[in-house]
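Here is the structure we will look at, set down as structure tokens.
The values are calculated or read from the model by the stated rules, or taken from the named source; none is laboratory data. Computed from a predicted model, the values in this text were never measured in an experiment. Here the Cβ positions follow ideal geometry from the backbone for every residue, glycine too, while neighbour counts run over all protein chains shown. Protein only, heavy atoms only, side chains kept; ligands, DNA and RNA dropped before computing areas. Shrake-Rupley method; radii C 1.70, N 1.55, O 1.52, S 1.80 Å.
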Amino acid sequence: MGGCTSKPSTSSGRPNPFAPGNDYPQIDDFAPDHPGKSPIPTPSAAKASPFFPFYTPSPARHRRNKSRDVGGGGESKSLTSTPLRQLRRAFHPPSPAKHIRAALRRRKGKKEAALSGVTQLTTEVPQREEEEEVGLDKRFGFSKEFHSRVELGEEIGRGHFGYTCSAKFKKGELKGQVVAVKIIPKSKMTTAIAIEDVRREVKILQALSGHKNLVQFYDAFEDNANVYIAMELCEGGELLDRILARGGKYSENDAKPVIIQILNVVAFCHFQGVVHRDLKPENFLYTSKEENSQLKAIDFGLSDFVRPDERLNDIVGSAYYVAPEVLHRSYTTEADVWSIGVIAYILLCGSRPFWARTESGIFRAVLKADPSFDEPPWPFLSSDAKDFVKRLLFKDPRRRMSASQALMHPWIRAYNTDMNIPFDILIFRQMKAYLRSSSLRKAALRALSKTLIKDEILYLKTQFSLLAPNKDGLITMDTIRMALASNATEAMKESRIPEFLALLNGLQYRGMDFEEFCAAAINVHQHESLDCWEQSIRHAYELFDKNGNRAIVIEELASELGVGPSIPVHSVLHDWIRHTDGKLSFFGFVKLLHGVSVRASGKTTR
Ligand SMILES: Nc1ncnc2c1ncn2[C@@H]1O[C@H](COP(=O)(O)OP(=O)(O)OP(=O)(O)O)[C@@H](O)[C@H]1O
Ligand SMILES: [Ca+2]
Ligand SMILES: [Ca+2]
Ligand SMILES: [Ca+2]
Ligand SMILES: [Ca+2]
């Protein structure tokens, strides 16, 4: 299958498998009114738009961090030399992202949200959350000695939930250490959700701290007024500021180290069972002012633990960066990868892939629109670069690359000297499904795995070698446990990864070699997005027909797919069987690989 290339564009034409209606019913409920304004953001409209309040040609120097975060109208005056003037309307330069308003409202409570300008919402919010303001327990169990141990300096940043100051430890182990302290006022925690968010933010930061691309956590304190999170001071400013300071795009080779660092830390988070849920250039800081200083992920305020087989449903994040499946309320780690795709797109062309003047407009674009790869500079960028970004922005999360996979994409691979690829936890999900499949489906997967292309094999080899470090080249429960133990953090307990591992008990008494691993770990949906899919699947069926196909009875198929007795089995599965000999038909083969009927019957496969 040597000449096989990828075919990213195919996904866009297909209906989103997560939504029967393929629409997001609440969108228009969020829409702020901008009567009489053109929907096309011409330069002057952009200038007047409240969504461009901070855009300046070189904002790193002019922009006051404080004003933009509290929504102050600030520095819209000097738009004259912005790229907006030179480029056509597709150019939507990045500006600080706003949190999704419905999410803010849930977290801040009605009054708070109203104060911060979140109005006109008709979305229903469960009663419980609004009535809880009285009697909230705002004790966190953190040290009360903040003021005796830490001397606060000046404010260095501000967000929706808190503000950040430089500070210095006055005594103890860290005496003399200059740090950053994020201060979150308890008065802002007006819902149980908001309190839980802060508790989790500290827990996650503490658990994950230690990765080189993640801000180092030192300690958490509280008093009656605030929670204080002491962490490493990053003096190089936000990634967003650097993007804006360039007034546009990065060369491919300038973008790569940024994206690699982001992928590294996000792959690590996912491996630990943590989704960040608010990845955006504002939430990555440089340690120093130097050009090639290290990048650090911050702000785990919206992060959550997620079990390998769990799907989250609360809509959080920032509109420009939010993944379609988040809007559909059924998502997991892939949602972060989408956000990285948005960041990568911005880095490479200086423009946002999904843009509109209203939040509902942005959501519509995220759900329906394909980002443009036609405008300059895209025609001049490498096809690998485009393929990379497109594969991060697949609307179907099952097709999207994982963060670990993205680190092995040809565009990055040659450049990534570090090559310390983290284990991809999604592989466990595949392995679990494989181990529980019938011999028929296993044979089908085995046949399909014979059509893997070079890039897929390279990725699977890397993942295999992480799990089977021993000489005989077999994965066993023991080698898996060992591989995980050496990289585990406290977060893994919360995300119940050890429990999930126990579900791989099919491996208890036997090992899995690389050949079987390929069958177990092959991602059918990703494989389908390749150019050679048609050839691939035909070829696989031929192999299967020779080695694995056999006469089957419909009841066997039904139980394989978990189709219950209420479903008219014969009418559903009729086409799956070849009438000449009672063996699996090509149609049935494809369906079996996808496990489609399982989903159609209302159950989820993960
Ligand atoms: N460790 C740090 N070193 C330097 N500056 C920091 C640090 N942590 C945070 N900041 C600054 O403070 C700002 C606000 O911090 P953070 O994003 O954690 O707050 P937030 O209230 O959760 O914001 P948001 O509105 O994005 O949710 C950051 O954008 C950054 O400019
Ligand atoms: Ca900020
Ligand atoms: Ca932030
Ligand atoms: Ca935050
Ligand atoms: Ca959870």
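This table checks each residue for (1) within 17 Å of Phe423 (Cα to Cα); (2) in contact with a Pro (Cβ under 7 Å, 6 or more places away or on another chain); (3) of a type in the set (A, V, I, L, M, F, W, C).
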position: Tyr509; (1), (2), (3): no, no, no
position: Asn523; (1), (2), (3): yes, no, no
position: Leu530; (1), (2), (3): no, no, yes
position: Gln535; (1), (2), (3): no, no, no
position: Phe544; (1), (2), (3): no, no, yes
position: Glu556; (1), (2), (3): no, no, no
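Among the β-branched types (Val, Ile, Thr) and either free of Cβ contacts under 8 Å to residues at least 24 places away in the same chain or not in a helix (DSSP H, G or I) (or both), is that true of Ile193? Against the criterion (among the β-branched types (Val, Ile, Thr) and either free of Cβ contacts under 8 Å to residues at least 24 places away in the same chain or not in a helix (DSSP H, G or I) (or both)), Ile193 does not qualify.
Residue check, Gln216 against (1) away from ligand 5 (no atom under 16 Å from the Cβ); (2) crowded, with 19+ Cβ neighbours inside 10 Å; (3) modelled with pLDDT of 95 or more, all met but one. Which one? Unmet condition: (2).
Among the helices (runs of 4 or more DSSP H) confined to the range 436-529, the ones with at least 3 residues that are surrounded by fewer than 16 Cβ atoms within 10 Å (Cβ to Cβ) are located at 454-467, 477-485, 497-502.
Screening Leu263, Leu327, Leu312 for residues that are over 29 Å from Leu174 (Cβ atoms), at pLDDT 95 or above and surrounded by fewer than 22 Cβ atoms within 10 Å (Cβ to Cβ) leaves exactly one candidate, Leu312.
From the list Val274, Val306, Val227, exactly one residue is in contact with a helix residue (DSSP H, G or I) (Cβ under 7 Å, 6 or more places away or on another chain), open to solvent by less than 10 Å² (accessible area, probe 1.4 Å) and away from ligand 1 (no atom under 15 Å from the Cβ). Which is it?
On inspection, the qualifying residue turns out to be Val274.
Flag: Ser293 does not match the condition of being touching an Asp or Glu at 6+ places or on another chain (Cβ under 8 Å) and of a type in the set (S, T, N, Q). When Glu173, Glu133, Glu154 are checked against the criterion of being away from ligand 5 (no atom under 16 Å from the Cβ), modelled with pLDDT of 90 or more, touching a Ser or Thr at 6+ places or on another chain (Cβ under 9 Å) and open to solvent by 60 Å² or more (accessible area, probe 1.4 Å), a single residue qualifies: Glu154.
Of all residues being away from ligand 5 (no atom under 16 Å from the Cβ) and of a type in the set (Ser, Thr, Tyr) in the range 287-303, which is least open to solvent (accessible area, probe 1.4 Å)? Just the residue, please. Going through the qualifying residues, I end up with Ser293. Out of Lys212, Lys182, one residue alone is under 15 Å from Asn283 (Cβ atoms) and not aromatic (Phe, Trp, Tyr). It is Lys182. Residues that are within 16 Å of ligand 5 (Cβ to nearest atom) and over 9 Å from Asp299 (Cβ atoms) were ranked within the range 271-286; the one that is farthest from the chain's Cα centre (by Cα) is Gln272. Annotation note: Cβ proximity below 8 Å between a residue of the range 495-506 that is over 19 Å from Val275 (Cα atoms) and among the small types (Gly, Ala, Ser) and a residue that is at pLDDT below 90 and surrounded by fewer than 19 Cβ atoms within 10 Å (Cβ to Cβ) (sequence gap 6+ or interchain) occurs for Gly506/Arg436. Condition first: buried (at least 21 other Cβ atoms within 10 Å of the Cβ) and over 24 Å from Arg429 (Cα atoms). Can you find one or more residues in the range 563-570 that meet it? Within the range 563-570, none of the residues are buried (at least 21 other Cβ atoms within 10 Å of the Cβ) and over 24 Å from Arg429 (Cα atoms).
Is it the case, given these coordinates, that Leu312 is within 14 Å of ligand 3 (Cβ to nearest atom) and touching a helix residue (DSSP H, G or I) at 6+ places or on another chain (Cβ under 9 Å)? Give the steps one after another, and end with the answer.
Numbers: within 14 Å of ligand 3 (Cβ to nearest atom): no; touching a helix residue (DSSP H, G or I) at 6+ places or on another chain (Cβ under 9 Å): yes.
So Leu312 does not fit the description; no.
Just so you know, in the range 136-151 the residues that are of a type outside the set (S, T, N, Q) and under 34 Å from the mean Cα position of the chain (by Cα) include one that is most open to solvent (accessible area, probe 1.4 Å), and it is Arg139.
Restricting attention to the range 226-247, the residues that are touching a strand residue (DSSP E or B) at 6+ places or on another chain (Cβ under 7 Å) and outside any helix (DSSP H, G or I) add up to 12. Scanning the range 237-260 for residues that are open to solvent by less than 10 Å² (accessible area, probe 1.4 Å) and either within 16 Å of ligand 4 (Cβ to nearest atom) or in contact with an Asp or Glu (Cβ under 7 Å, 6 or more places away or on another chain) (or both) turns up Leu239, Leu240.
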